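The values are calculated or read from the model by the stated rules, or taken from the named source; none is laboratory data. The structure displayed is predicted, hence computed values, not measured ones. Cβ: placed from backbone, ideal geometry, glycine included. Neighbour counts: every protein chain shown. SASA here: full protein model, heavy atoms, side chains in, ligands and nucleic acids out. Shrake-Rupley method; radii C 1.70, N 1.55, O 1.52, S 1.80 Å.
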Amino acid sequence: MNKKILMKGNEALAEAAIRAGCRYYFGYPITPQNEVPAYMSKRLPEVNGVFVQAESELASINMIFGAGACGARCMTSSSSPGISLMQEGISYISGAETPAVIVNMMRGGPGLGNIAPSQGDYFQAVKGGGHGDYKIIVFAPASAQEIVNFTVLAFDLTIKYRIPVMILGDGLLGQMTEPVVLPEMKEIQDDINWSICRGQDQVIIRSLYLVPENQLELHNLHLQKKYRSIEKDLNKYYEQYNANDCDYLIFAYGTTARVCKAAIDRLQKENIKIGLFRPISLWPFPKEEIISISSKIKKAFVFEMAQAQFEEDIRLSFEGKKEIKGFYKLGGAIFNDDEIYELIKKNI
Amino acid sequence: MTNKIILAGFGGQGIILSGLLLAQAALLEGNEVTHYPAYGAEMRGGTCNCSVVISDKEISSPIVNKPDILLLFNQPSKNKFEAKCIPGAKVLINNSLINEQALRNDISSFYIDATNTANKLGNIKIANMIMLGALSKITGIVKLDSLINAMPEILSARNKKLIDLNVQALKEGYGLF
């Protein structure tokens, strides 16, 4: 096994992408994810890869569309305002069914906002920020090691299902340095017989379906069938922390979930039975597991760095059967464990 | 055992780098570590800080609200962070640039003439290593040898020629207490 080394989240992500076979990166700088393009610009030429600093995020996402249409393992990264600019392209890529890994290290919004960590892009990521009926796979890691593991998985899944896969982190995860164990360099042998680079007869990759009349409907039904099968396949990505036999359960993801754990440790020392349920895949959402665990608790708490976005999906899973109390931080503010501890104490 | 440390000073004093060196040294000793820098509109001469958490078990929160160890490199940092640390905290103060005495009597303050000592050694930039050397001696959270061994992992290739000078500064700081 490779040894534990210290790496910044953004750099760990970039190295993991390369080891997962990414040879094409297109991006435009924005804090707090600048270490991704910086690392890629140095590292990709060493592995005969291609790095392009695009003229904008619109260009980046459309370059990804092109590289994906060729069957390449390709990636772009940005932060909230840049990801907003990419939504049209993500919709096109979803319609055309090409692979793409998209990284969003979220920052405070709306608008240009600030550069501090946030979780305000939850709806945009999991409900689709672009037009049309589409879904993308969204992973929300909570450590540098998970960033590595889920980036590697993201490339395998985007090739397997030909659906965009998003790594949804935040400024803290991107900027924090932690020990990681990197995987070995992967030998890639993807079946890309569907791509425009298969070198035989004509292949058309498109998202426009005008004739015959029902062709777009049939295409959409095909996409929905694919989404249902992905929901079935990817239902195991969540973490439970002291979640068995508790009276109270906290729901949180990413950075916020980590901070909740510190508060849970303190509360448990006072014999308060409290645990954490942390979805790692935000779409597909681990709904079944949440439904089943919701029946065993008295009350749920939601913590997120956004206004009741993630909470909405928890509420949909709970179907009003148990009380849910949400706590939010907005505009780049972050929770600390003392605050979470106090809020729980006051509300149980 | 978990230590929550904040290092703070001017941009350019090597705050982020010394935080990384501390984290790397703690990792070499088999600990879990996190390092989280303030990454706002930091610039040379502006204020700058980073949080380092060192623990023998998995670290949940990398965010340090109430530090138990503080390394203060300049006056604005003292003004900002001294009030935040827990009672009994160990506070290392670069008194080359910080004049005031401790405002609290429930913390242990240690005064280190880091910037002046660095100047005497010939490079003002190694004040951070003098502080880290003192930290090792005062708190024992990492061994001096671990800091020295961590150096090649943290310094960028173009600065490898400065390892000897930095090691000298670590030892100098260690010897002050």
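Quick one: which of A:Leu276, A:Leu316, A:Leu249 is aliphatic (A, V, I, L, M), at pLDDT 95 or above, open to solvent by 30 Å² or more (accessible area, probe 1.4 Å) and outside the structural domain of A:Ser80 (by TED's automatic domain parsing)?
Details: A:Leu276 fails: open to solvent by 30 Å² or more (accessible area, probe 1.4 Å); A:Leu249 fails: open to solvent by 30 Å² or more (accessible area, probe 1.4 Å).
On inspection, the qualifying residue turns out to be A:Leu316.
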_Residue that is open to solvent by less than 10 Å² (accessible area, probe 1.4 Å) and in a loop (DSSP other than H, G, I, E, B), where the choices are A:Pro183, A:Pro141_ = A:Pro141
*Residue, most open to solvent (accessible area, probe 1.4 Å), within region A:284-298, restricted to residues that are in contact with a helix residue (DSSP H, G or I) (Cβ under 8 Å, 6 or more places away or on another chain) and either in the same structural domain as A:Ser229 (by TED's automatic domain parsing) or not aromatic (Phe, Trp, Tyr) (or both)*: A:Lys287
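Just to be sure I understand, how many residues within region B:1-52 are in a loop (DSSP other than H, G, I, E, B) and open to solvent by less than 10 Å² (accessible area, probe 1.4 Å)?
Initial filter on region B:1-52 (in a loop (DSSP other than H, G, I, E, B)): B:1, B:12-14, B:29-31, B:38-43, B:45-46.
With open to solvent by less than 10 Å² (accessible area, probe 1.4 Å) added as a condition, the list becomes none.
Of the residues in that region, 0 qualify.
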*Tell me which residues, restricted to region A:115-162, are farther than 30 Å from A:Asn2 by Cα and within 10 Å of the chain's Cα centre (by Cα).*
A:Tyr122, A:Ala125, A:Val126, A:Ile136
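Restricting attention to helices (runs of 4 or more DSSP H) lying wholly within region A:10-103, give those where 2 or more residues are more than 14 Å from chain B (Cβ to nearest Cβ), among the β-branched types (Val, Ile, Thr) and crowded, with 18+ Cβ neighbours inside 10 Å. Can you show your working first?
On the way: elements: A:35-43, A:57-69, A:80-85, A:87-96.
By residue number, A:57-69, A:87-96.
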_Criterion first (within 12 Å of chain B (Cβ to nearest Cβ) and surrounded by fewer than 24 Cβ atoms within 10 Å (Cβ to Cβ)) does A:Asn149 satisfy it?_
no
*Selection within region B:87-107 - closer than 24 Å to B:Lys120 by Cβ and of a type in the set (D, E, K, R)*: B:Glu100
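Determine which member of the set B:Ser77, B:Ser55 is closer than 28 Å to A:Glu178 by Cβ, open to solvent by less than 10 Å² (accessible area, probe 1.4 Å) and at pLDDT below 95. Can you show your working first?
Values: B:Ser55 fails: at pLDDT below 95.
Sole residue among the options that is closer than 28 Å to A:Glu178 by Cβ, open to solvent by less than 10 Å² (accessible area, probe 1.4 Å) and at pLDDT below 95: B:Ser77.
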